[in-house]
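> Once you've had a glance at the structure underneath, I'll fire off some questions.
Every read-out reported here was derived from the displayed coordinates using simple, explicitly stated rules and does not represent laboratory data. In this text the structure is predicted, and so the values were computed from the model without any measurement. Note: ideal-geometry Cβ built from the backbone for every residue, glycine included; neighbour counts use all protein chains shown.
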Amino acid sequence: MSDLLRDLDLLASPRFNWSRAEAEAIYTAPFADLIFAAQSVHRQFHQPNAVQKSQLLSIKTGGCAEDCGYCNQSAHFDTGLKASKLMPVDEVLDAAQKAKEGGASRFCMGAAWRSLKARDEDAICEMITGVKDLGLETCMTLGMLEDGQAQKLKAAGLDYYNHNLDTSPEYYEKVITTRTYQDRLETLNKVRDAGINICCGGIIGMGESREDRIGLLVELASLEPHPESVPMNHLVPVGGTPLQNVEPLDGLEFVRAIATARLMMPRSVVRLSAGREGMSGELQALCFLAGAGSIFVGEELLTTPNPALREDHHMFAQLGLEPMAAPSFPAE
Ligand code: SAM
Ligand code: DTB
Ligand code: SF4
């Protein structure tokens, strides 16, 4: 067993100075050693049989100025998606109410924007306050933020801001050319400074190398403090995007990435995010064993399909999982 995996007490204290060699030693460990260590650390800080449920809504769909090579919503690619304007606040609140009735405890609203414009701030803040008043946690993902905008979102009641690093710095420029890694880090700093919880993760299965996956995990674990929420998305291949025909990834690579995230960021909630529609129940069970503590529920993610509620209900029953009422982030 790798020395790094042997000392479970050491692994339980958050570190922000992981080297790629250390991350690689964890990621490539014998599978049973990796899962044993991930489960052991998971059980110190998280409920082993509870999974938090979030629901997504695309509040502004398509026509995005960015060229993210995986995305259904970029105006640079012809994916056949119909673009629409920002949704009216009352429709967003109706959808949030339904998400709550379906068992979600957090409502995540996503806009296909490069950045949040001043003219949309008031409507976005009304959505946040309205969703919060329904008794749901709130999450927004709106692209880059200018100085002062994060404070406005916080004042409206925003709990989480999602802004992903997506992949390693080297692979990033092969997938996205219209913004930089540094742009992402700057927005994350603004969110952190405003006192909003950070939801930051990436996408696995975009044709990146194992080293890129490890590079992403090192970048995420270098954020200090660690992101409270770390979404691990499996690429949902979308016709018309540059990544539509990417070679499918072995499912165990995804499980290794989740387990390594769990071990490098022990107190964060690691989220089994996009891509569940293409996964077997067994693969999802391995992701939970590896330390995933949260999923998206509802038949749609932002623009692509997600398993039906009844399928997830069945999976929870099979695995003896309970929905987590209030997601937790253990104090340092
Ligand atoms: N426009 C904002 C941004 O990029 O930050 C917010 C919305 S964007 C759709 C949110 C995240 O969804 C992306 O950062 C990416 O990680 C994920 N995502 C988008 N398309 C995906 C796909 N086809 N498969 C997996 N994840 C995807
Ligand atoms: C995240 O990391 N995954 C979610 C959420 N943050 C916004 C989005 C997944 C999108 C999957 C592709 C789609 O449905 O358009
Ligand atoms: Fe736009 Fe976000 Fe899609 Fe990139 S991931 S094209 S920024 S909606």
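> For the stretch 198-238 and the stretch 166-182, compute the distance between their C-alpha centroids and round to whole Å.
Computed from Cα coordinates, the inter-centre distance equals 12 Å.
> When averaged across all projection directions, what area in nm² does the alpha-carbon convex hull of the chain cover? Walk me through the numbers on the way to the answer.
On the way: hull surface 59.8 nm².
Average projection, Cα convex hull of the chain: 15.0 nm².
> Next up: If you take the beta carbon distance between residue 247 and residue 83 as r and set R0 to 25 Å, what does 1/(1 + (r/R0)^6) give as a FRET efficiency, to the nearest 0.05? Intermediate results must be reported in sequence, preceding the final value.
Details: r = 30 Å, r/R0 = 1.19.
That pair, residue 247 with residue 83, gives E of 0.25.
> Could I ask something else about it? Determine ³J(HN,Hα), in whole Hz, for all residues of the stretch 185-200 in sequence, where each value follows from phi through the Karplus function 6.51 cos²θ - 1.76 cosθ + 1.60 and θ = phi - 60°; x replaces Gly and Pro.
Values, residue by residue: 4, 5, 5, 4, 4, 5, 5, 4, 4, 7, x, 8, 5, 9, 10, 9 Hz.
> Once the other residues with Cβ under 9 Å from the Cβ of residue 66 are scored (Lys, Arg +1; Asp, Glu -1), what is the net sum?
Details: positive: 114, 179; negative: 67.
Residues near residue 66 contribute +1 overall.
> Shifting gears a bit: If you take the C-alpha gyration tensor of the stretch 182-316, multiply each eigenvalue by 5 and take the square root, what semi-axes do you get, largest first, in whole Å?
Values: eigenvalues 111, 63, 50 Å².
Its equivalent ellipsoid spans semi-axes of 24, 18, 16 Å.
> In the Gaussian network model of the chain, springs joining C-alpha atoms below 10 Å, which of 245, 72, 306 carries the largest mean-square fluctuation?
245
> Sticking with this one: If every alpha-carbon in the stretch 87-219 counts as one equal scatterer, what log10 I(q)/I(0) does Debye give at q = 0.14, 0.18, 0.22 1/Å?
Per q value, in the given order, log10 I(q)/I(0) is -0.67, -0.99, -1.23.
> Right, another one. With both partners inside the stretch 52-321, how many of the DSSP beta bridges are antiparallel, as a percent to the nearest 5? Write out the running numbers ahead of the final one.
Details: 1 of 35 bridges.
Once the DSSP bridges in the stretch 52-321 are tallied, antiparallel ones form about 5 percent.
> Let me check against my output: what whole-number percent is the relative contact order of the stretch 52-321, with C-alpha pairs under 8 Å and at least 6 apart?
Details: 517 pairs, mean separation 51.8, N = 270.
Averaging sequence separation for qualifying contacts and normalising by length gives 19 percent for the stretch 52-321.
> Pairs of Cα atoms under 8 Å, at least six residues apart: use those to get the relative contact order of the stretch 168-227, whole percent. Show your work: numbers first, answer last.
Numbers: 29 pairs, mean separation 25.8, N = 60.
Reported relative contact order: 43 percent.
> Under a crude label model (7 Å from the Cα following the beta-carbon direction), how far is residue 49 from residue 193 in nanometres?
That separation, rounded to one decimal, is 4.6 nm.
> Between 55, 75, 31, whose Cα lies farthest towards the positive end of the dipole of the stretch 1-107 when Lys and Arg beta carbons carry +1 and Asp and Glu beta carbons carry -1, centred on the Cα centre?
Result: 55, furthest along the dipole toward the positive end.
> In addition: With +1 assigned to the C-beta of every Lys and Arg and -1 to the C-beta of every Asp and Glu, and no other charges, what is the dipole magnitude of the stretch 52-321 about the Cα centre in debye, to the nearest 20? Walk me through the intermediate numbers first.
On the way: 26 positive and 37 negative charges, 75 e Å.
Value, rounded to 20: 360 debye.
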